[in-house]
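Single-structure report; data block below.
No lab work stands behind these numbers, since they all come straight from the coordinates. Predicted, not measured: the structure shown is a model, and the values here were computed from it. In this analysis, Cβ positions are derived from the backbone assuming ideal geometry, glycine residues included, and neighbour counts consider all displayed protein chains.
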Amino acid sequence: MGTDATGAGRLWGARLQAAPADAAWALGVSTAVDGRLWRQDLAGSRAHAGELHRIGVLDDAEHDRLLAALDRCADLFADEAFPFRDDDEDVHGAIERWLVDDLGPLGGKLRAGRSRNDQIANDLRLYLKDATTGVVAGIRGVQRALLDQAEVHLGTDDRPATLAPGMTHLQRGQPVLLSHLLLAWVWMLERDAGRFLDARARIDESVLGSGALAGLTLDLDPAAYAASLGFARVAPNSMDAVAARDGATEFLAAAAILSVTCSRIGEELVLWSTAEFGYARVGDAFSTGSSIMPQKRNPDIAELVRGKTGRVVGDLVALLTTVKGLPMTYNRDLQEDKEPVFDAVDTLELVLPALAGTIASLQFDVDRLATAAAGGFSLATDLAEELVRRGVPFRDAHEVVGGLVRRAEQAGVDLDGLDPAVIADAHDALDTSVAELLDVRAAVERRDASLGTAPGSVRVQLEHARRLVGAQSDDRPGREGGA
């Protein structure tokens, strides 16, 4: 293991007379996981060096030397050349050990006035702030792919809008525009993005200055840390600051809900691309074949999007289970807070671009969709609502139209295949003119409320979504950028 005979030399080793047993060390070492927080840790160290300089713990020359060393350290990490050793327990200790190796006693001065407890919590908050930005950018990519498809299928002066069957219980219910259906996913994803942005607002507070749990006797300024690192505010309570992981759990909750949204979209794409549905064809670049069946064209990417949901939901459950029984304040169990977060971020970084690309690659069978939109007695509700307009209670109208559907089924036709005289005979309020209602495009046009599926309404909705998605895109640093 390469450790000394006692605990000395580690961040916590002064009290102990023996080095940790190999089994204990193997359980506790975390550099393989938290090493990716090096940017955040170095950013915090620069801010801390500034505060130590301000209160006189570091003189001008020492401050300059420390900052230069931190820059050299960052270069090593960026080049994947940082010299981790077997006795480095975590990234925080590894960086301090390297500073001591590089600067001698000056490297050890940086530990004054901070604890791993507030250092870890602050690093994770910095990471989560950047991670939310990256995930929201990925969501925007999926939304833009949906918006582009919706715009194409909203039609032009020369080409009518694409119809689609609107379903409940996976059974055809009422006709809609395909664009309306695609926009439904845009709005669901918009709420997903909002959850990440809401979480980011709560995560956006600095905890440096909390120390181990009770604050510090050194005259360090928590507000200066916040300003230096780009946090919106300072955490109000030092004990809560080092104990809380609800920012991470909220991030994972948003990630789990987003993954479920993506899974539902993936399921839709899988169904649409089957021969049984035949509504859409996934592009070659987002399909696979079979190792034995040469005819196969599989929507594997959509299936993988669906399949990845389990691990992200599991990440949330893992962290909730870790923190559920912890007393105040910091407990070593919290070392397990980072791996589920990293896993969820890595998974979403794979899923979101792949889903966006799959959606962009779709080629829809417009004729098949139109046939499906018109079938399955999808205009039965229109006929019932016409009876309501003519003064018939909906309860009675429902019965009348249900009877007509039964007659049509027995005749092997849809409602528009019934003789208009048969429809007129079903109730005194009906006449042969109601047969004119049984036109799918006319039915779609009638649904012109602001949230309805009429082309004009959907056009307004699409333009609103375009503005919203564009307005909420930003150019902040990626998830591992230093603050």
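Here are some notes:
- Enumeration of residues in segment 156-171 that are without any contact (Cβ under 8 Å) to a residue 24 or more places away in the chain and either in contact with an Asp or Glu (Cβ under 8 Å, 6 or more places away or on another chain) or part of a strand (DSSP E or B) (or both): MET167, THR168
- Residues being small (Gly, Ala, Ser) and assigned to a helix (DSSP H, G or I) - total across segment 252-308: 10
- The single residue among GLU276, GLU250 that is within 23 Å of LEU352 (Cβ to Cβ) and not hydroxyl-bearing (Ser, Thr, Tyr) turns out to be GLU250.
- Any hit, segment 318-333, residues being under 14 Å from the mean Cα position of the chain (by Cα) and either over 18 Å from GLY138 (Cβ atoms) or of a type outside the set (Gly, Ala, Ser) (or both): no
- Candidate set from segment 407-451 (those that are of a type in the set (S, T, N, Q) and assigned to a helix (DSSP H, G or I)); member that is nearest to ALA161 (Cα to Cα): SER433
- Residue-level check: of (1) in a helix (DSSP H, G or I); (2) surrounded by fewer than 21 Cβ atoms within 10 Å (Cβ to Cβ), PHE196 misses just (2).
- Unmet requirement for ALA397, which otherwise passes all of (1) of a type outside the set (S, T, N, Q); (2) surrounded by 13 or more Cβ atoms within 10 Å (Cβ to Cβ); (3) without any contact (Cβ under 8 Å) to a residue 60 or more places away in the chain; (4) within 30 Å of ASP148 (Cα to Cα): (4)
- Residue in segment 82-93 that is of a type in the set (Phe, Trp, Tyr), in contact (Cβ under 8 Å) with a residue 24 or more places away in the chain and closer than 30 Å to ALA356 by Cα present: no
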